[in-house]
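Remarks on the structure that follows.
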Amino acid sequence: EAGVTQFPSHSVIEKGQTVTLRCDPISGHDNLYWYRRVMGKEIKFLLHFVKESKQDESGMPNNRFLAERTGGTYSTLKVQPAELEDSGVYFCASSQISPAGLLRGETQYFGPGTRLLVL
Amino acid sequence: KQEVTQIPAALSVPEGENLVLNCSFTDSAIYNLQWFRQDPGKGLTSLLLIQSSQREQTSGRLNASLDKSSGRSTLYIAASQPGDSATYLCAVRGLDTGRRALTFGSGTRLQVQP
C-alpha cells in the first residue's frame, strides 16, 4: 500500500511568487492534515480536512494560504504571494476515521514533506 | 494552550546502550500521545501511539510510557544501534473532539556511535 505522497519534494521561489503544494493521502483515508516546520521551530498544525470539508483551519497563518481538497481525495496548499517567512518544510498527513468509540486509536501517517525556500 | 517539551534536545550514546527520551506536556487533558521518528530529509514515521487510558506501549526494542496526570511520557530504546540515529518527536492530541491536530515537541536528536 502506498503511503502519503507529496509533490514537489523541493521548491525554490522568489518572494511574491505563488507556489502550490500537493498531497496525496493514503487511499481511503478521509482525514487529511497539513503541518509545517519553519526554521528552528517545532512542527505546527495548519489545517484538517474530513473528506472535502475543512474541519479545523485554526492553524492557518493568514489569508495568503489557501487549502483545497476537491472531491475528497488529494489536497493542494497554495501560498500566494509567498513571503520569506513561509520558508520551511510542509508536511501532509492522513488517517482513517475510526469507528465510534475508537477515536483514540487514530494514527496519523505523514508524507516526506515539501521543502519550500522563498528567496 | 498545550505546550510540549522534549529533553534532551540532543543525545549521543555508544552502540548498545539503553536510553530514555523524555516528553512533557502542560495540559493533561489529552486523547493520545504519539512518538515519531524523523530521518534527515525524510518524513515522520510513527513509532508508537499511546491512548490516554493506557500506561505503555511496546514495539520491538521500543517502549513508550505515559503518565497523563503528571504530563509526561518516556520513550525507552533498548540496546541502541547506529540505525536508531534520528530525531525523535512526541506529539499529543487534545480532548476536543472537533480538533484532531497534533501538538509537537521540538524533538530529540539522537546519535548512536558504532
For B:E3, distant residues with modelled amide H under 5 Å away: B:T26, B:D27
FRET efficiency, B:S52 to A:K54 (Cβ-Cβ, R0 25 Å, nearest 0.05): 0.45
Sequence-distant residues sharing a close amide H with A:Q55 (under 5 Å, placed H): A:H48, A:F49, A:V50
Cα-centred dipole magnitude for the protein assembly as shown, charges only on beta-carbon of K, R (+1) and D, E (-1), debye, nearest 20: 200 debye
Among the listed pairs B:K1/B:K68; A:K41/B:K1; A:K44/B:K42; A:K15/A:K78; A:K54/B:K68; A:K44/A:K78, those beyond 21 Å (Cα-Cα): A:K54/B:K68
Selected from A:G16, A:V50, A:L66, residue furthest toward positive end of dipole (chain A; charges at beta carbon): A:G16
Charge tally in the Cβ shell below 12 Å around B:Y88, where Lys, Arg are +1 and Asp, Glu are -1, B:Y88 excluded: 0
B:N18 paired with A:N63, simple spin-label distance in nm, labels 7 Å along Cα-to-beta-carbon: 5.7 nm
Per-pair calculated FRET efficiency, R0 = 41 Å: B:A78 and A:K78 via Cβ, rounded to 0.05: 0.35
Dipole of chain B [Lys/Arg +1, Asp/Glu -1 at C-beta], most positive-end residue of B:Q51, B:L89, B:G41: B:Q51
Lys, Arg +1 and Asp, Glu -1 on Cβ, resulting dipole of chain A about Cα centre, debye, nearest 20: 160 debye
Within a Gaussian network of chain B (alpha carbon springs, distance under 10 Å), most fluctuating of B:G94, B:G16, B:G43: B:G43
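Bear in mind that the values in this text are calculations on the coordinates, not laboratory data. Predicted model, so just to flag it, every value in this text is computed and none were measured. In this analysis, Cβ positions are derived from the backbone assuming ideal geometry, glycine residues included, and neighbour counts consider all displayed protein chains.
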